[in-house]
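**Q** I'd like to ask you about the structure that follows.
The values are calculated or read from the model by the stated rules, or taken from the named source; none is laboratory data. Quick caveat: nothing in here was measured; it's all calculated off a predicted structure. Cβ placement follows ideal geometry from the backbone for every residue including glycine, while neighbour counts extend to all protein chains displayed. Accessible surface areas use protein heavy atoms only, side chains included; no ligands, DNA or RNA. Shrake-Rupley method; radii C 1.70, N 1.55, O 1.52, S 1.80 Å.
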Amino acid sequence: MDKSMIADLESLPEEDKARMSTMIEQLQIRDSLRMYNSLVERCFTDCVDTFQRKALTKQEETCVRRCAEKFLKHSMRVGMRFAELNQGAATTD
């Protein structure tokens with residue numbers, strides 16, 4: 001957020017600040033759930049081949065673990081890069 005947006009938020013009445021905070025929290029929860037659902041769907045589709053057993057096979061379990069690790073590392077890297085770009089844009093204002 002740039003400085004003018006932060007200043008605009010600070011000038012809001014307390015009730016509006018609380019409402020904005022609640023909306024931001026809800027958006028963060030929604031985004032977290034989307035990421036989790038995407039992770040589960042992708043790794044399940046890529047790794048689980050059969051439904052012959054209730055439990056995952058050792059191979060499926062290893063695949064799911066690697067898939068989840070890659071997905072989370074990628075998500076963290078994208079988030080860090082976005083923050084870097086966002087910070088760079090804020091300093092040019």
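**Q** Among Thr50, Thr62, Thr22, which one shows the biggest mean-square fluctuation in a GNM of the chain, springs joining Cα atoms closer than 10 Å?
**A** Thr50
**Q** Also: So, for the stretch 14-63, what is the accessible surface per residue at a probe of 1.4 Å, expressed in square angstrom?
**A** Heavy-atom accessible area per residue stands at 90 Å².
**Q** Restricting to DSSP H runs of at least four residues, report the calculated mean residue ellipticity at 222 nm for the chain, -39500 (n - 2.57) per run over all residues, nearest 500 deg cm²/dmol.
**A** -29000 deg cm²/dmol
**Q** With all protein chains present, how much of the accessible area of the chain (probe radius 1.4 Å) comes from carbon and sulfur, to the nearest whole percent?
**A** Carbon with sulfur: 58 percent of the solvent-accessible area.
**Q** Something else: Cα convex hull of the chain: how many Å³ per residue?
**A** Given the Cα convex hull of the chain, per-residue volume reads 101 Å³.
**Q** Tell me the chymotrypsin sites (Phe, Trp or Tyr not before Pro) within the stretch 18-78 that lie in a loop according to DSSP and have at most 15 other beta-carbon atoms within 10 Å.
**A** Here the chymotrypsin sites (Phe, Trp or Tyr not before Pro) that fit, given the DSSP loop and packing criteria, are Phe51.
**Q** Same structure again: In nm, what is the difference between 0.36 nm times the number of residues separating Leu85 and Glu41 and their Cα-Cα distance?
**A** Value of the extension gain: 12.9 nm.
**Q** How much net charge surrounds Met23 when only other residues with a Cβ under 14 Å from its Cβ are counted (Lys, Arg +1; Asp, Glu -1)?
**A** After counting each charged neighbour, the total is -1.
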